[in-house]
1. Mind checking which residues of the range 98-115 are of a type outside the set (A, V, I, L, M, F, W, C), open to solvent by 20 Å² or more (accessible area, probe 1.4 Å) and under 14 Å from the mean Cα position of the chain (by Cα)?
2. Report, by residue number, each residue of the range 82-97 that is surrounded by 15 or more Cβ atoms within 10 Å (Cβ to Cβ), more than 14 Å from Ser53 (Cα to Cα) and of a type in the set (S, T, N, Q).
3. When you go through (1) surrounded by fewer than 15 Cβ atoms within 10 Å (Cβ to Cβ); (2) under 17 Å from Ser21 (Cα atoms) one by one for Asn56, which number turns out not to apply?
4. Six or more apart or on different chains, Cβ under 8 Å: which pairs go from a residue in the range 59-80 that's over 14 Å from Ser21 (Cα atoms) to one that's assigned to a loop (DSSP other than H, G, I, E, B)? Could you list them?
5. For the range 59-81, give me the residue count where each residue is surrounded by 14 or more Cβ atoms within 10 Å (Cβ to Cβ), over 19 Å from Thr113 (Cβ atoms) and not hydroxyl-bearing (Ser, Thr, Tyr).
6. Could you please find all residues in the range 33-76 being among the β-branched types (Val, Ile, Thr) and out of contact with any Lys or Arg (no Cβ under 8 Å at 6 or more places or on another chain)?
7. List the strands (runs of 3 or more DSSP E) that sit entirely inside the range 9-116 and contain at least 1 residues that are of a type in the set (Ser, Thr, Tyr).
8. Within the range 25-49, which residues are under 13 Å from Thr99 (Cα atoms) and not aromatic (Phe, Trp, Tyr)?
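The values are calculated or read from the model by the stated rules, or taken from the named source; none is laboratory data. These numbers come from a predicted model, not from an experiment. Glycine also receives a Cβ, built like all others from the backbone with ideal geometry; neighbour counts cover every protein chain displayed. The accessibility values were calculated without ligands, DNA or RNA, using every heavy atom of the protein model including side chains. Shrake-Rupley method; radii C 1.70, N 1.55, O 1.52, S 1.80 Å.
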Amino acid sequence: QVQLVESGGGLVQPGGSLRLSCAASGIAFGINKVGWYRQAPGKQRDLVAIINSGGNTNYTDSVKGRFTISRDNAKRTVFLQMNSLKPEDTAVYYCNVATPSGRLFWGQGIQVTVSS
C-alpha cells in the first residue's frame with residue numbers, strides 16, 4: 001500500500017519561509033517523478049514544482065526563484081523549501097508520485113497559510 005505523508009505546513013507571515021516534507025512508503029521511490037501541487041479555495045489543483053529521477057526540476061513561473069524542490073531517495077522523501085512567501089501562496093499543498101507506468105499517487109494535503 002502506497003502512502004505519502006506531508007508535513008511542515010502552517011501559518012507564516014508574508015516574506016517568511018516554510019519547508020514541506022513528503023515521506024513515501026510502499027513504493028520504489030527512486031525511479032519515480034515526484035512533485036508538489038497546490039489548490040487554493042475555489043481553484044483547480046495546479047503544479048508547483050516537480051523533480052524527476054535524475055534530479056531535473058521544473059517550477060511554475062510564480063514560484064521560480066523562491067521555491068526549491070529536492071529529494072532524498074534513501075529516505076524516500078521529497079522536500080519543498082518555500083522562501084519569500086506571499087499571501088497568494090496560500091493553499092493546500094499536495095505531494096504527488098508518478099510512476100514510469102503512469103500511475104499517480106497523492107498525499108492527503110497540508111495547509112499553508114501566508115497572512116499577517
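1. Gln108, Gln111
2. Scanning the range 82-97 gives a single hit, Thr90.
3. Condition not satisfied by Asn56: (2).
4. Every condition considered, the pairs that remain are Arg66/Asn83; Arg66/Ser84; Arg66/Leu85.
5. 6
6. Thr57, Thr60, Val63, Thr68, Ile69
7. So the answer is 18-25, 33-39, 57-59, 67-72, 77-82, 91-98, 110-114.
8. Gly26, Ile27, Ala28, Gly30, Ile31, Asn32, Lys33, Val34, Gly35
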